[in-house]
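The block underneath contains the structure these notes are about, expressed in structure tokens.
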Amino acid sequence: MWIAWSAPHDATRTEYDEHRLALGVVKLTFFAKLITRVAPVARHTDMPALSRIRILLILLLAGQPAAVLSAAGSDGWELLAQFLYRDAAEAFAADPAGGRLRDLGWGAALLNEPPLTDAKIARAEELLQRVADGQRDDTAWYARYLLARIAHVHRLALVAEAESAYRALVAEAPGTAAAQLSAAQLALLLLYQRPDLDVPARLDAAAALAPVAGDPARPDIAAAFFQQLASAAMFYRVTDERVLAWLEQAHAIGLSNQLDQSTLSLQVAETARALGQTGVAEKYYRQFLATAAATDQRYYTAELRLQELGGEGDR
């Protein structure tokens with residue numbers, strides 16, 4: 001089965017990790033990828049490839065003149081974009097110009113440079129705190145987001161403290177990418193780390209963040225947020241019309257990675273099929289077959305599914 005994986009309703013952190021590994025889902029944040037790769041809670045899988053660091057660079061540095069990029073340590077950012085974290089950290093450290101953008105990149109690089117140590121985390125916190133202190137611009141918001149993630153993932157802060165930090169950023173930086181990332185991360189917390197809430201309440205609380213986390217102005221975050229809502233529901237053995245609607249919203253917004261978008265077509269098709277919505281299932285099976293490679297192991301099965309529903313299995 002491509003769309004579901006069963007687990008107890010009260011998910012522990014270990015179960016949460018195993019769920020993410022089994023499904024290869026939770027396509028939530030691109031900036032969080034910088035700090036989740038070696039974190040204890042996310043060691044098994046990062047939040048898979050949305051648009052990764054390159055989209056972060058576009059968001060963070062769009063519109064900046066060449067002089068600003070040079071001062072920000074652009075060599076370091078280029079190395080980050082190539083996932084060369086140690087080289088990036090060294091480039092940022094050697095950059096004589098300094099500056100807040102340099103410190104932001106340096107902090108992110110340290111948090112991804114293996115082996116992750118307490119000293120690196122402390123140095124990253126110091127850099128990011130310096131970026132954020134007394135400032136209210138995009139660079140500060142990104143730094144605050146990473147600081148919240150450090151507290152949540154690396155410091156293992158109380159859930160209430162982490163939730164408060166994410167909510168504060170959503171409230172204080174409306175309309176920003178950092179607020180949207182925080183809302184998306186907050187949704188994960190609500191879905192998997194609030195055992196005081198029953199499953200319907202968890203889903204409702206996370207879905208209530210849709211106006212921020214689902215903002216289509218940043219389609220990768222938005223699409224992944226809706227996909228994640230559906231994946232979490234199925235984790236808790238819930239497959240209903242709302243789950244299908246979330247997947248269709250994700251698909252309509254679209255993921256920039258074509259393989260991810262093709263997989264999403266398949267998720268929608270399988271969910272619709274399970275709910276008896278034949279027309280919807282046929283539509284998305286056809287979209288999957290039109291975009292997937294014939295060598296994809298799922299291709300033949302999708303063809304059979306389509307034929308069973310009465311549609312043609314050929315492209």
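No lab work stands behind these numbers, since they all come straight from the coordinates. Since the model is a prediction, treat every value here as computed from it, not as a measurement. Note that we place each Cβ from the backbone using ideal geometry, even for glycine, and neighbour counts take in every protein chain shown.
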**Asked** So which chymotrypsin sites (Phe, Trp or Tyr not before Pro) in region 66-171 are both in a DSSP loop and have at most 15 other Cβ atoms within 10 Å of their Cβ?
**Response** Phe83
**Prompt:** Around Leu128, with a cut-off of 9 angstrom between Cβ atoms, what is the net charge of the other residues, counting Lys and Arg +1 and Asp and Glu -1?
**Reply:** -1
**Message:** How large is the Kirkwood hydrodynamic radius of region 183-253, counting all unique pairs of alpha carbons, in Å?
**Reply:** 11.8 Å
**Request:** Please identify every one of the trypsin sites (Lys or Arg not before Pro) in region 95-192 that sits in a loop by DSSP and has no more than 11 other beta carbons within 10 Å of its own beta carbon.
**Result:** Arg136
**Request:** Using DSSP to define loop residues, name the GluC sites (Glu not before Pro) in region 236-315 whose beta-carbon has at most 11 other beta-carbon atoms within 10 Å.
**Result:** Glu312
**Complete:** Once phi for every residue in region 103-119 is put through the Karplus expression 6.51 cos²θ - 1.76 cosθ + 1.60 (θ = phi - 60°), the whole-Hz ³J(HN,Hα) values, with Gly and Pro written as x, are 5, 4, x, 4, x, 5, 5, 4, 6, 10, 8, x, x, 6, 10, 4, 5
**Request:** Count the net charge of all other residues whose Cβ sits under 11 Å from the Cβ of Asp118, scoring Lys and Arg as +1 and Asp and Glu as -1.
**Result:** +2
